[in-house]
Amino acid sequence: MNKVITIHVTGRVQKVGFRKSTAKLANKLHIKGWVSNTPDGGVQIEAEGAQDHLDAFIKSVSKGPLFAKVQSITVSETSTSTGYELFQVKTE
């Protein structure tokens, strides 16, 4: 059974390849959804996948790519399946 989570990441997470690396990781872990920058300088992610894949995804996202500096990560679970067919990077 797939789960859906929303993740909000703050810190130095824009203009450091965070969205691109998140999408690459999501595809590797067979996670569907999207990632987008937020007006507050953070990143918002909606992810759907198997629990063990989501756990690995969260662990990696909380570190971020090489030049990122994650200050905080908030994860909330949603009860509704989204039906996404792929993982995409949303642009501003």
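The values are calculated or read from the model by the stated rules, or taken from the named source; none is laboratory data. Predicted model, so just to flag it, every value in this text is computed and none were measured. Backbone-built Cβ (ideal geometry, glycine too); neighbour counts: all protein chains shown.
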> Name the residues in the stretch 1-58 that are without any contact (Cβ under 8 Å) to a residue 60 or more places away in the chain, more than 13 Å from GLU77 (Cβ to Cβ) and charged (D, E, K, R), would you?
Replying inline: ARG12, LYS15, LYS24, LYS28, LYS32, ASP40, ASP52
> How about the stretch 32-43: which of its residues are surrounded by fewer than 16 Cβ atoms within 10 Å (Cβ to Cβ) and of a type in the set (Val, Ile, Thr)?
Replying inline: THR38
>> As an exercise: evaluate TYR84 against (1) modelled with pLDDT under 95; (2) under 13 Å from HIS8 (Cα atoms) and give the number of the one condition it does not meet.
In response: (2)
>> Out of the residues in the stretch 44-66 meeting the condition of being touching a Phe, Trp or Tyr at 6+ places or on another chain (Cβ under 9 Å) and farther than 11 Å from ILE31 by Cβ, tell me which one is surrounded by the most Cβ atoms within 10 Å (Cβ to Cβ).
In response: GLY64
>> Quick check on my filter: what residues within the stretch 11-35 are assigned to a helix (DSSP H, G or I), in contact with a Ser or Thr (Cβ under 9 Å, 6 or more places away or on another chain) and of a type in the set (Gly, Ala, Ser)?
In response: SER21
>> Give me the residue from the stretch 1-31 that is farther than 18 Å from ASP55 by Cα and among the small types (Gly, Ala, Ser) and, out of that set, surrounded by the most Cβ atoms within 10 Å (Cβ to Cβ).
In response: GLY11
>> So in the stretch 75-92, with the set limited to residues that are of a type outside the set (A, V, I, L, M, F, W, C) and part of a strand (DSSP E or B), which one is surrounded by the most Cβ atoms within 10 Å (Cβ to Cβ)?
In response: GLN88
